[in-house]
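Reading through the structure tokens given below for one structure.
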Amino acid sequence: MEAIKPTFEEWSKNQKCNGCNCPVSLEFKDYGKSTHKLRDVDFEKIKGYYCNDCYEPALLKLKNSRFVERYKGQEIYHKEGNYSLWQSPSYCKSLEDLHNWIDIRLNMLEKFNMQI
Ligand SMILES: [Zn+2]
């Protein structure tokens, strides 16, 4: 007998939360409300979905695992040889370079009274 592949609809109805294994809805109206997708420091999507209760703790755990230090009020994260702020499009290959980048940004933004 031929194995029957689930349709997308069947597959989407069987998705479970990565944290507590409860069923999660992939319906558009629930996305970002009761169903969440976790994104890494470099915006990479983490496989699977999270329910409301598990999303924040999972995000915190992920951030803690990437956290390096706090520099001038900015949290610095590290992933696969790159140092950056959380989900910032700019990153550096060394901590020193990122410190310099932050210094330059802060000096510049101070003039315009803006956040980094
Ligand atoms: Zn959950």
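The values are calculated or read from the model by the stated rules, or taken from the named source; none is laboratory data. Being a predicted model, the structure only gives us computed values, none of them experimental. For neighbour counting, all protein chains shown are included, and Cβ atoms are generated from backbone atoms with ideal geometry for every residue, glycine included. Heavy atoms of the whole protein, side chains included, go into the accessibility calculation; ligands, DNA and RNA do not. Shrake-Rupley method; radii C 1.70, N 1.55, O 1.52, S 1.80 Å.
What single numbered condition from (1) within 15 Å of the ligand (Cβ to nearest atom); (2) touching a residue at least 24 places away in the same chain (Cβ under 8 Å); (3) open to solvent by 50 Å² or more (accessible area, probe 1.4 Å) fails to hold for Val68?
Only one criterion is unmet by Val68, namely (1).
Identify the single condition in (1) away from the ligand (no atom under 13 Å from the Cβ); (2) loosely packed, with under 11 Cβ neighbours inside 10 Å that Asn21 does not satisfy, given that it satisfies every other one.
(1)
Taking Val41, is it within 21 Å of Gly19 (Cβ to Cβ) and touching a helix residue (DSSP H, G or I) at 6+ places or on another chain (Cβ under 8 Å)?
Criteria met by Val41.
List the number of the failed condition for Ser12; all other conditions in (1) of a type outside the set (Phe, Trp, Tyr); (2) under 30 Å from Glu80 (Cβ atoms); (3) over 19 Å from the mean Cα position of the chain (by Cα); (4) surrounded by 13 or more Cβ atoms within 10 Å (Cβ to Cβ) hold.
Among (1) of a type outside the set (Phe, Trp, Tyr); (2) under 30 Å from Glu80 (Cβ atoms); (3) over 19 Å from the mean Cα position of the chain (by Cα); (4) surrounded by 13 or more Cβ atoms within 10 Å (Cβ to Cβ), Ser12 violates only (2).
Please enumerate the residues belonging to segment 15-56 that are in a strand (DSSP E or B) and free of Cβ contacts under 8 Å to residues at least 40 places away in the same chain. Walk me through how you get there before you give the answer.
Here is the first cut: in segment 15-56, the ones in a strand (DSSP E or B) are 16-17, 23, 31, 35-36, 39, 45, 49-51.
Of everything in segment 15-56, those that are in a strand (DSSP E or B) and free of Cβ contacts under 8 Å to residues at least 40 places away in the same chain turn out to be Lys16, Cys17, Pro23, Tyr31, Thr35, His36, Lys45, Tyr49, Tyr50, Cys51.
Can you find a residue in segment 28-35 that is within 13 Å of the ligand (Cβ to nearest atom) and at pLDDT 95 or above?
Narrowing segment 28-35 to residues within 13 Å of the ligand (Cβ to nearest atom): 34-35.
Add one more test, that the residue is at pLDDT 95 or above, and what stays is 35.
The answer is yes, given that some residue of segment 28-35 is within 13 Å of the ligand (Cβ to nearest atom) and at pLDDT 95 or above.
Residues are listed down the side, and each one gets a yes or a no for (1) over 13 Å from the mean Cα position of the chain (by Cα); (2) within 16 Å of the ligand (Cβ to nearest atom); (3) surrounded by 12 or more Cβ atoms within 10 Å (Cβ to Cβ):
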| residue | (1), (2), (3) |
| --- | --- |
| Cys51 | yes, yes, yes |
| Tyr55 | no, yes, yes |
| Leu60 | no, yes, no |
| Gly73 | yes, no, no |
| Lys79 | no, no, yes |
| Pro89 | no, no, no |
| Leu95 | yes, no, yes |
| Trp101 | yes, no, yes |
| Glu110 | yes, no, no |
